[in-house]
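**Student:** One structure follows; several queries about it will come next.
Any read-out appearing in this document is the output of simple, stated calculations on the displayed coordinates, not a laboratory observation. Just so it is clear, the model here is predicted, and its values are computed rather than measured. Methodologically, a virtual Cβ is constructed for each residue, glycine included, from the backbone with ideal geometry; neighbour enumeration extends over all protein chains shown.
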């Protein structure tokens, strides 16, 4: 099997989305933040229309390259790690922004979320899924982004020199190795070329822009969603092992690309 | 070369969470996506989650997925920059009364930012004296300019910059 360059894939963002049978109380989510986050929140905001209020808590992690966000709306909860746009991250804004090597950031995410699953107040989860976006820097060349993408896709050929507006989306269901019992995971991948505008981004955060900073940069991007059908409610132990299995799938795609699917039994 | 096509979903697959295209009228911070864009665009600005109300981040989901996090101080800088540029470009001419210049909408909004605007006002003042003194006065409720220097822009700027340094703003 042709392996992709593992070190090439950085994590653009990752989020765990959980749905509960009942909406968690604000006092409970405050406790969650304290348990999970190593830092105090630097902002708490309530957003959204009255009929669908959202509450967001965010904090910059000590590495100063990633922020942790906790979002709650009705019975849905999102934990996310996302890149920071600030003068301190100026070097990263010269590319399509990312938080760091895929494996390392996923390990960090897992170490944080494990604390949440071990919280005694955690109610039963109806459903959970993980979203992640992997990016590989391609500089100023869209064709280079396609060349990076090509070895990731085992079942399609890309004309890397004469293509643009490339999109490939596929769902590769896989039986759960940890839950068994006919539980299947959806592993939905969407591959495309992402762009960023470094000059604009640097200027926005108040950093002077050198003449050699390009107007537009490209990155091979794989946006992933890994989840299960509604099979809940599940307890926190089963949810945690499922969450780790989701992360395993994401790391596997970063390591070996999108493989051929296996038919359901 | 084989043309790229999206394979049909396999029979029997359960419904996946859906990746949806981002609303192009609400681009995320510093990035633009092509036609394949997804919801990673949605931006957290200064702790506020900027979302598209038209599209959720996944099927059956009411929450959008956050994109980039812009700390509050960076967001304030962006806001100040926008307002200051507007004031420079559209304020009454320098021959007008100072009061008229300071009644400009963007100038008033800078005053409305309160102390969060002070570091940026002092940055502007370092570049060269301009009529930032009313804003500084209204925000800080101070006036470090000696009476004999009133109206002399260079000396007023010097007095305010010294005040700013003493109080940790520059």
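**Student:** Quick one, can you get me the convex hull of the C-alpha atoms of region A:113-242 expressed as volume per residue in Å³?
**Tutor:** Normalising the Cα hull of region A:113-242 by residue number yields 151 Å³.
**Student:** Arrange the following residues from fewest to most other Cβ atoms within 10 Å of their Cβ: A:93, A:122.
**Tutor:** A:122, A:93
**Student:** Continuing with the same structure: Which residue, A:83, A:26, A:38, tops the fluctuation ranking in a GNM of chain A built on C-alpha contacts under 10 Å?
**Tutor:** A:26
**Student:** For region A:141-210 and region B:83-121, what is the separation of their Cα centres, given in Å?
**Tutor:** If we compute the Cα centre of each part, the gap is 44 Å.
**Student:** Taking neighbour counts of Cβ atoms within 10 Å as a proxy for exposure, in what order, fewest first, do B:69, B:169 appear?
**Tutor:** Listing B:69, B:169 from fewest to most nearby Cβ atoms yields B:169, B:69.
**Student:** Would you kindly give the portion of the calculated P(r) for chain A that falls above 33 Å, as a percent of all Cα pairs?
**Tutor:** 25
**Student:** Which residue, A:129, A:235, A:13, has the most motion in a Gaussian network model of chain A that connects Cα atoms within less than 10 Å?
**Tutor:** Maximum among the listed residues: A:235.
**Student:** Using the beta-carbon distance between residue B:123 and residue A:101 and R0 = 30 Å, what value does 1/(1 + (r/R0)^6) give for FRET efficiency, to the nearest 0.05?
**Tutor:** The calculated FRET efficiency here is 0.25.
**Student:** Shifting gears a bit: Within region A:103-121, what residues put their amide N at less than 17 Å from the label point 7 Å along the Cα-to-Cβ vector of residue A:248?
**Tutor:** Counting only backbone N, you get A:103, A:106-107, A:110-111, A:114.
**Student:** Residues of region B:101-116 with amide nitrogen under 19 Å from the 7 Å Cα-to-Cβ point of residue B:143?
**Tutor:** Only B:101-103, B:111 pass the distance filter.
**Student:** Where does region A:51-145 land on the Kirkwood hydrodynamic radius, alpha-carbon pairs, in angstrom?
**Tutor:** About 15.5 Å, per the Kirkwood formula over Cα pairs.
**Student:** What ranking of B:122, A:218 emerges when the number of other C-beta atoms within 10 Å of each C-beta is taken as an exposure proxy, fewest first?
**Tutor:** In order of increasing Cβ crowding within 10 Å: B:122, A:218.
**Student:** Specify the residue with the greatest mean-square fluctuation among A:140, A:120, A:189, computed from a Gaussian network of chain A linking alpha-carbon atoms under 10 Å apart.
**Tutor:** Looking only at A:140, A:120, A:189, the biggest GNM fluctuation is shown by A:120.
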